[in-house]
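Asker: Got a structure for you, written out below as C-alpha cells; questions coming shortly.
The values are calculated or read from the model by the stated rules, or taken from the named source; none is laboratory data. The shown structure was predicted, so the numbers you read here are calculated from the model rather than taken from an experiment. With ideal geometry, Cβ positions are generated from the backbone for all residues, glycine too; neighbour counts draw on all protein chains shown.
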Amino acid sequence: MSTQGNNFDPWYHHYAERTSGLSASEVRALFAVASRPEVVSLAGGMPYVSALPTDLVTAALERTIQNQGASALQYGSGQGMPVLREQILDVMALEGIRASADDVVVTTGSQHALELIAKLFLDPGDVVIAEGPSYVTALVVFRSFQAEVDHVAMDDQGMIPESLREHIAALRAAGRTIKFLYTIPTFQNPAGVTLSWQRRMEILEICRANEILVIEDNPYGLLYFDGPPPQAMRSLEEEGVVYLGTFSKTFAPGLRVGWALAPHAIREKLVLANEAAVLSPSSFTQTVISEYLGAADWRGQIDTFRGVYRERRDAMLTALGEHLPKMTWTVPEGGFYVWLTLPDHLDSKAMLPRAVKELVAYTPGTAFFSNGDGRNKMRLSFCYPTPDFIAEGVRRLSTVINGELDLLSTFSQTGPLQTVREQERYDSPPANLA
C-alpha cells in the first residue's frame, strides 16, 4: 500500500474528513522542552499544585474510600453526582450566578464540556466568533469539527463591542452561519485582560439581538489578585449563555472535573452527548472533590492560590520592566498569563529555537489565532515557576530578543538572517518546535 504524501500512515485515506482539523498545537509541541529541568518554562499554564496542602487531598481520598468506596468505584450518572452539582452552585455563587443544580452537567474537565458543545452545534463551514487571540485548544476543537473561527479584536478592556457588531454584519452579509460566540471574559487566556462590566452587558445585548449563543469559559475567574473581577456574564443572562467551569485551577487538574451550566434544553442534549462520549464522568474523582468541598476550607485555599500567583505575576512584571523596558505587555489582575508584544519586525515563532538554546520556553502568539496573526506576540505564563525562576527566565528571554534585534540591525530579512534562522531549526531540539 502506498504511503506517499500521508506521513507514512497506511490508514491515511480511511480517516474521516474532519480529522484534517486535528493537529498538534504549538503548546503541545512545547511540552517536551518544558519538561527538561534546565529549561525555565514560561510556556504552559500548569497550576502550582504544590500550594495545595497534601493533607487536604489525603483526607478527601481517605473519606472517599472509607465512606463511599462502593459507589465511588461504580458507574454514575451521565449528568454527574447530585451532591457535587449542588456544591458547584456554591462555587458559581461567588460570581453572582444563581441557578438550579438540574441545569449543571459534570464533565471530564471543562475542555470536555467545550468539545461536547462543539459536537452539538457545529456543522462543517459554520463560524465561531472568538476573541483575537483566543485559547489555543478551543481553536483545535472548533477546527476538528470543520468550523471556522472569526477573531474579534480586543484591547485592555477585552473584546471591543463595535468590532463585534462589524464582524457579525460582515458574516451575515456573506451568508455565513454563526453558531456561537466563544469568550474567556475574565483574565483571558492568553492575553490576561478582563472584559469590563459595561462591555459584558453590551456584548450580551448584541448577541441577544442577533440570536447568537454565548459560551462563557471561566477557568480563572476566582483567581483575582487585588479585587474581584466583574461578575460572570451568566449572572446577567440565563437563556443565552452556556457557562463552563472547572476545578483544575482552584483544586487539581489531575482529577479532571469540570462542568457546564446550560439552559434547560441544551442541558438535555449535553447529558446525552456526555453519555455517548464517556458513559459517565468519573464517580471517584467527583466524590473526592465533593468530600474536599464538604470538609475543607476551599475558599481559604483559593485565597492561598491567589497569593501565590500574585507574587509570581509581580515577579514577571518586575523582570520585564528590568530586562525588556522597550517592549509592551498586558498587566493581568488575575489568572496565569502576560501577553508580550514585540516590535513588528520580530517573529516569536522563528525565535523559538534560539530561545530553546538559551534554555527558556514561551508560547508563540500564532498559536492563539486561526488566521496566522500574532507573529510579534508571545504568551508568558507565570503560574508554575518560582519567582526566582521567572526572573531568570525573563533574563534569558531578553537575551534572545535582544540578540534577534542585533541580527536584524546587521542583516536583511531576506538575506543571511534567514539562513541563520534555518540553521537554528536544524540545530535546536526538538525539531517540531520550529
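Asker: Write out, first by first residue and then by second, each pair whose Cβ atoms fall under 7 Å of each other, whose residues are 6+ apart or on separate chains, and whose first residue, in region 390-413, is part of a helix (DSSP H, G or I) while the second is aromatic (Phe, Trp, Tyr) and modelled with pLDDT of 95 or more.
Answerer: Final answer for the pair search is Ile390/Phe382; Leu397/Tyr362.
Asker: Considering region 155-175 alone, what residues qualify as being crowded, with 20+ Cβ neighbours inside 10 Å and within 21 Å of Asp226 (Cβ to Cβ)?
Answerer: Listed by number, the list holds a single entry, Gly158.
Asker: Given the condition under 30 Å from Asp150 (Cβ atoms), of a type outside the set (Phe, Trp, Tyr), assigned to a loop (DSSP other than H, G, I, E, B) and at pLDDT below 55, answer yes or no: does some residue in region 415-434 qualify? Walk me through how you get there before you give the answer.
Answerer: Step one: filter region 415-434 for residues under 30 Å from Asp150 (Cβ atoms), giving 432-434.
With of a type outside the set (Phe, Trp, Tyr) added as a condition, the list becomes 432-434.
Cutting the leftovers down to assigned to a loop (DSSP other than H, G, I, E, B) gives us 434.
Applying the additional criterion that residues be at pLDDT below 55 yields 434.
Yes: one or more hits.
Asker: Among the residues of region 374-386, is any closer than 15 Å to Asp347 by Cα and modelled with pLDDT under 95?
Answerer: Checked against the condition, which is being closer than 15 Å to Asp347 by Cα and modelled with pLDDT under 95, region 374-386 yields no hits at all.
Asker: Let me ask something additional. Among the numbered criteria (1) more than 24 Å from Thr58 (Cα to Cα); (2) more than 19 Å from the chain's Cα centre (by Cα); (3) of a type in the set (A, V, I, L, M), which single criterion is violated by Ala295?
Answerer: It is condition (1) that Ala295 fails.
Asker: Within region 159-187, which residues are within 23 Å of Val331 (Cβ to Cβ) and out of contact with any Gly (no Cβ under 7 Å at 6 or more places or on another chain)? Even if it seems obvious, please write down each step before you answer.
Answerer: Taking region 159-187 and keeping what is within 23 Å of Val331 (Cβ to Cβ), we get 159-161, 163, 183-187.
Met159, Ile160, Pro161, Ser163, Thr183, Ile184 - these are the residues of region 159-187 that are within 23 Å of Val331 (Cβ to Cβ) and out of contact with any Gly (no Cβ under 7 Å at 6 or more places or on another chain).
Asker: With the condition kept exactly as written, say whether any residue in region 302-320 is closer than 22 Å to Tyr384 by Cβ and among the polar types (S, T, N, Q).
Answerer: First pass over region 302-320, keeping only residues closer than 22 Å to Tyr384 by Cβ: 302-320.
From what's left, among the polar types (S, T, N, Q): 304, 318.
Yes, region 302-320 has at least one match.
Asker: Here's another thing I want to ask about it. Based on this model, can you work out whether Ala174 counts as more than 16 Å from the chain's Cα centre (by Cα) and at pLDDT 95 or above? If you could, list the steps in order and put the result at the bottom.
Answerer: Numbers: more than 16 Å from the chain's Cα centre (by Cα): yes; at pLDDT 95 or above: yes.
So Ala174 fits the description; yes.
Asker: Hey, among the residues in region 87-113 that are within 19 Å of Pro253 (Cα to Cα) and in contact with a strand residue (DSSP E or B) (Cβ under 6 Å, 6 or more places away or on another chain), which one's surrounded by the fewest Cβ atoms within 10 Å (Cβ to Cβ)?
Answerer: Initially, region 87-113 is screened for residues within 19 Å of Pro253 (Cα to Cα), giving 87-88, 91-92, 105-113.
Within this subset, residues satisfying the condition of being in contact with a strand residue (DSSP E or B) (Cβ under 6 Å, 6 or more places away or on another chain) are 88, 105-107, 109-110, 113.
Details: Ile88: 26, Val105: 27, Val106: 28, Thr107: 29, Gly109: 20, Ser110: 23, Ala113: 28.
By that ranking, first place goes to Gly109.
Asker: If you don't mind, there's one more thing I want to ask. Report whether or not Tyr337 is among the hydroxyl-bearing types (Ser, Thr, Tyr), at pLDDT 95 or above and over 30 Å from Val214 (Cβ atoms). Lay out the reasoning, then the answer.
Answerer: On the way: among the hydroxyl-bearing types (Ser, Thr, Tyr): yes; at pLDDT 95 or above: yes; over 30 Å from Val214 (Cβ atoms): no.
It is false that Tyr337 is among the hydroxyl-bearing types (Ser, Thr, Tyr), at pLDDT 95 or above and over 30 Å from Val214 (Cβ atoms).
Asker: State the number of residues belonging to region 332-342 that are outside any loop (DSSP other than H, G, I, E, B) and either acidic (Asp, Glu) or over 16 Å from Gly393 (Cα atoms) (or both).
Answerer: First, pick out the residues of region 332-342 that are outside any loop (DSSP other than H, G, I, E, B): 334, 337-341.
Adding the requirement that they be either acidic (Asp, Glu) or over 16 Å from Gly393 (Cα atoms) (or both) leaves 334, 341.
Residues meeting the conditions: 2.
Asker: Would you list the helices (runs of 4 or more DSSP H) that sit entirely within region 78-164 and hold 2 or more residues that are over 20 Å from the mean Cα position of the chain (by Cα) and at pLDDT 95 or above?
Answerer: Numbers: elements: 82-93, 110-121, 136-144.
The qualifying helices (runs of 4 or more DSSP H) are 82-93, 110-121.
Asker: Does region 176-213 hold any residues that are β-branched (Val, Ile, Thr), surrounded by fewer than 24 Cβ atoms within 10 Å (Cβ to Cβ) and not in a helix (DSSP H, G or I), and which are they? It would help to see each step written out before you state the result.
Answerer: Residues of region 176-213 β-branched (Val, Ile, Thr): 177-178, 183-184, 186, 193-194, 203, 206, 212.
Now drop any that are not surrounded by fewer than 24 Cβ atoms within 10 Å (Cβ to Cβ), which leaves 177-178, 206, 212.
If the condition is that a residue be β-branched (Val, Ile, Thr), surrounded by fewer than 24 Cβ atoms within 10 Å (Cβ to Cβ) and not in a helix (DSSP H, G or I), then Thr177, Ile178, Ile212 are the ones that fit.
Asker: Quick check on Gly80: is it closer than 20 Å to Leu195 by Cβ and touching a strand residue (DSSP E or B) at 6+ places or on another chain (Cβ under 6 Å)?
Answerer: Values: closer than 20 Å to Leu195 by Cβ: no; touching a strand residue (DSSP E or B) at 6+ places or on another chain (Cβ under 6 Å): yes.
Criteria not met by Gly80.
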